[in-house]
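What follows is a single structure, written as structure tokens, with notes after it.
Please treat every number below as a calculation from the coordinates, not as lab data. Every value quoted in this text rests on a predicted model; they were computed, and no experiment measured them. Positions of Cβ are backbone-derived with ideal geometry, glycine not excepted, and every protein chain shown enters the neighbour counts.
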Amino acid sequence: MNTHQSTKNSIRQLVLLLIFETLAVHFVYSETDSVTQYWDTSDSTNQTSIDHSQWQNFLDLYLYQTKSGQTLVAYKKVVTRDYDGLSHYLQNLTRLDPRKLNRAEQMAYWINLYNALTVKVVLDNPDKSSITKMGAGFFSFGPWNENVITITSQSLSLNDIEHRILRPIWKDERVHFALNCASLGCPNLASGTYQSKNLEEYLNMARNTYLEHKRAVHFDSAGVLHLSSLFQWYLEDFATTEPALLNYLAKHNAELRNQLLNYTGKVSYDYDWDLNRY
């Protein structure tokens, strides 16, 4: 690639990132949203447990953990048999009506669905170095607004699942730590499947694992606080103000607690969109 073309691509990525970080500020949901209303029903008496074993098999084969505790996916190693197994798993989920499940089983359903769909998106775009380059159009920033699955005749995008179902219905900030966007800046892709019986344990583990990692929060050699852009994009899910956010983070990071509680300087927000590939 020549220097001119490389510069054009860099400018394009910068422009798209600015669009993502400003106009998308940041998928503020509404309780009157028609998609939210459609999915906001459940059956507390239903004790059905969904079989997520095919997704677990995939994770067992292709998920790796770094020494720092971050999980990466060996996308290039996935063989046809296991790709087909992942596709079959997703097809099985589309045959269910999650509205008939109890709340815990529902939440596990949507989290596993989102994460498995994201992995499939990456597998379907093997030559891309970042999920931000996997959108259908030249000016699209990633695949999140594209319809990727149909459930009970409803076409859904990844953004629908996250911002019109999981966030508004559960109003649980730990959702952000459970969902993986296939990037190094993201919270971990869990090594096990979410299920109603382990939901609280897994949500807490996802939160703690991320908040204790430097990509979420760290101080540089000059003492400047660096936070994941996740907290800037979705501040309203974690706290009402930036100082309140630091109090929230301090509760879940014992090593940096005192520094966070006493910090009065400027916060730098960062995010690494490189693919979480092993």
Using modelled backbone amide H atoms (1.01 Å from N, in-plane), which distant-in-sequence or interchain residues come within less than 5 Å of Ile149's amide H? Leu156
Can you tell me which lysines have their Cα less than 28 Å from the Cα of Lys251? Leave out same-chain residues fewer than eight positions away. Lys67, Lys171, Lys197, Lys214, Lys266
Ala239 versus Lys197, label points 7 Å from Cα toward the beta carbon: distance in nm? 3.8
If I build a Gaussian network model for the chain, linking alpha-carbon pairs within less than 10 angstrom, which residue out of Gln106, Gln154, Gln70 has the largest mean-square fluctuation? Gln154
Arrange Arg174, Arg81, Arg257 by Cβ neighbour counts within 10 Å, fewest through most, would you? Arg81, Arg257, Arg174
In nm, give the distance between the simple-model label positions of Arg257 and Thr152, each being 7 Å from the Cα along the Cα-to-Cβ direction. 4.3
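When only DSSP loop residues count, what chymotrypsin sites (Phe, Trp or Tyr not before Pro) in region 87-159 have their Cβ near at most 15 other Cβ atoms within 10 Å?
Qualifying residues, ordered by number: Phe138, Phe139.
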According to the square roots a ≥ b ≥ c of the eigenvalues of the Cα gyration tensor, what is the shape class of region 198-253, taking rounded for a/c under 1.5, prolate for a/b larger than b/c otherwise, and oblate for the remainder? oblate
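For region 124-182, just say rounded, prolate or oblate: build the C-alpha gyration tensor, square-root its eigenvalues into a ≥ b ≥ c, call rounded for a/c under 1.5, and beyond that prolate if a/b exceeds b/c, oblate if not. Mind showing how you got there, number by number?
Values: a/c = 2.37, a/b = 1.45, b/c = 1.63.
The shape class here is oblate.
Just want the ordering: Leu166, Leu261, Leu113, from fewest to most Cβ atoms lying within 10 Å of their own Cβ. The partial results should precede the final answer.
Working: Leu166 23, Leu261 13, Leu113 27.
The order, fewest Cβ neighbours first, is Leu261, Leu166, Leu113.
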What is the order of Thr36, Thr240, Thr152, fewest Cβ neighbours within 10 Å to most? Thr240, Thr152, Thr36
Identify which of the listed values of volume of the Cα convex hull per residue in Å³ was calculated from the structure shown: (i) 140; (ii) 149; (iii) 120. (ii)
Do any of Lys77/Lys133; Lys77/Lys128; Lys76/Lys100 go past 26 Å between their Cα atoms, and which? Lys76/Lys100
